[in-house]
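All remarks here apply to the structure that follows.
The values are calculated or read from the model by the stated rules, or taken from the named source; none is laboratory data. Predicted model only: the values in this text are computed from it and were never measured. Reconstructed Cβ throughout: ideal geometry from the backbone, glycine too, with neighbour counts over all protein chains shown. Calculation scope for accessible area: heavy atoms of the full protein, side chains included, ligands and nucleic acids excluded. Shrake-Rupley method; radii C 1.70, N 1.55, O 1.52, S 1.80 Å.
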Amino acid sequence: MRFINLTGANEIGANCYLIEYGKRRLLLDCGSHPRVEGIGALPRLEVLAARPPEAVLISHGHLDHLGSLPVLHERFPKAEIWMSPGTAAIADRALHNSASVMIRQRSEIDLPEYPLFTHGQVDRLLERAEALSVGRTAEIADAEVSFFEAGHVQGAVGAWIESEGVSLFYTGDVKFSDMRITRGARFPDRAPDAMVIECTRGNTPSQPDFSWEGEAERFARGIREVHEAGGSVLIPCFALGKTQEVMKLFYDLAEEGRLPRQHVYLGGLGVAYNEVYDELAESLPRLSPRFRLQRDLPWKRLNPRGAAALDLEGGQVFLVSSGMMTPRTSSHVLARRMAREERHAVFFVGYVDPESPAGRLKAAGRGGCADLGGDAGAVEVRCRIESFDFTSHCNREHMAEYVARVAPPRVLLVHGDPPALEWMQRELQRRLPRARVLIPPPGEEVELA
Ligand SMILES: [Zn+2]
Ligand SMILES: [Zn+2]
């Protein structure tokens, strides 16, 4: 079995990995780079011209794993497309939203290659897509494939692929512990011949005194303090996964009397994914199966134009995308307005790319100066800035423990920035001295077995 990393670089970019066994080829994920616009956001699909894949497996609905699938389908219409039923429901919203955004950006930021795909192409690929549920096995490109729950977001899976006695397990993005809606990963306890693991948190040491409960209390206290001082709270947030988990946190805090029950402002895409989560509540395992986002918590819809015009009267909560504060999104519009005023606050609730406007605002902190990008330029930060660790990725120690427990002879490290990949390589090599632990260089073939 051979493995080729089709990501542009060793980073959290456009996830896409090719495996070859005998004459068969299978692709794992086909994402787009979250920070790059235009054709540069695609993975190295040109490698596939001489090595066409027979099928592609999608681990979950985040765009860094799914976003280039329509382009792949256009180039390789015969390749089968497999994902979990939850991811299929999410992919519908995610890819149509992507097409809409690109159609808008074509004129806004002068990208003549946009859209990279149309709504019609999304519909066609979704018709072609096949669903594989957790616990079942399908024969795909001459391999036996089964999915395992990965935590992280609803529908996320790790994929076990086995052909002619050689096996590979791809984790996708993972969270081992329970969140508030999505339960923790249920991964296999046996060793594959090779394991491909995500390393998002490889450069983030765990805090020894950290607890979810303590973090939730600090969050509730922070919101109360800002509201009492007449301010509002902006929580820049990924629309898929994080928005729903934080909504559930607000619900729980209100139920426990730690925050007043009040409506939360949501972006349009966040609302769309809330609907998907509610639809999936009947069919997918989850925590609090009777809780419904759309019904059990009051909310109001907000778009970027509304965010620019809204009276920031204090006492409000904005749970809006984009998580990276990409210019022209609601979170960017609100950050520009709120950062200048002492009474307001921006609360970060998960990973932010350090090179994004959100990352720069977080790094600047109160009293600093942050370049928010777009036509906002440098902004003096007078508002309160806080970070809360409600991550939907596993801690690096949890990942290392899992890999060490099943002890595969080969481990490939992906989905992390270089320092994160290097920490994981050192740690796994220490725990598994006889294993081959490598960081697969993009575009190069790695022999697995
Ligand atoms: Zn993800
Ligand atoms: Zn990811």
ask   = open to solvent by 20 Å² or more (accessible area, probe 1.4 Å), touching a helix residue (DSSP H, G or I) at 6+ places or on another chain (Cβ under 6 Å), without any contact (Cβ under 8 Å) to a residue 24 or more places away in the chain and not aromatic (Phe, Trp, Tyr) - does that describe any residue in the stretch 119-141?
value = yes
Taking the stretch 93-108 and keeping residues farther than 15 Å from Gly31 by Cα, hydrophobic (A, V, I, L, M, F, W, C) and either at pLDDT 95 or above or open to solvent by 50 Å² or more (accessible area, probe 1.4 Å) (or both) leaves Ile103
- Message: For the structure I just gave you, tell me whether Thr326 is β-branched (Val, Ile, Thr), under 24 Å from Asp64 (Cβ atoms) and within 16 Å of ligand 1 (Cβ to nearest atom).
- Response: no
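Yes or no, residue by residue, for (1) open to solvent by 10 Å² or more (accessible area, probe 1.4 Å); (2) within 16 Å of ligand 2 (Cβ to nearest atom); (3) within 20 Å of the chain's Cα centre (by Cα):
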site: His393; (1), (2), (3): yes, yes, yes
site: Met399; (1), (2), (3): no, yes, yes
site: Arg405; (1), (2), (3): yes, no, no
site: Arg410; (1), (2), (3): yes, no, no
site: Val414; (1), (2), (3): no, yes, yes
site: Arg426; (1), (2), (3): yes, no, no
Might you let me know whether the stretch 49-57 holds any residue that is among the charged types (D, E, K, R), away from ligand 2 (no atom under 14 Å from the Cβ) and touching a strand residue (DSSP E or B) at 6+ places or on another chain (Cβ under 9 Å)? yes
Note: among Val196, Val153, just one is within 16 Å of ligand 1 (Cβ to nearest atom) and under 20 Å from Val437 (Cα atoms), namely Val196
Ile90 passes all but one of the listed conditions (1) away from ligand 1 (no atom under 16 Å from the Cβ); (2) crowded, with 19+ Cβ neighbours inside 10 Å; the exception is number (1)
(request) Assess whether Gly230 counts as being open to solvent by 50 Å² or more (accessible area, probe 1.4 Å), in a loop (DSSP other than H, G, I, E, B) and more than 29 Å from Cys16 (Cα to Cα). (result) no
Of those in the stretch 259-303 that are in a helix (DSSP H, G or I) and touching a strand residue (DSSP E or B) at 6+ places or on another chain (Cβ under 9 Å), the residue nearest to Ser321 (Cα to Cα) is Gly270
Flagged in the stretch 365-389 as touching a Phe, Trp or Tyr at 6+ places or on another chain (Cβ under 8 Å) and either within 16 Å of ligand 1 (Cβ to nearest atom) or farther than 17 Å from His332 by Cβ (or both), in numbering order, are Glu386, Ser387, Phe388, Asp389
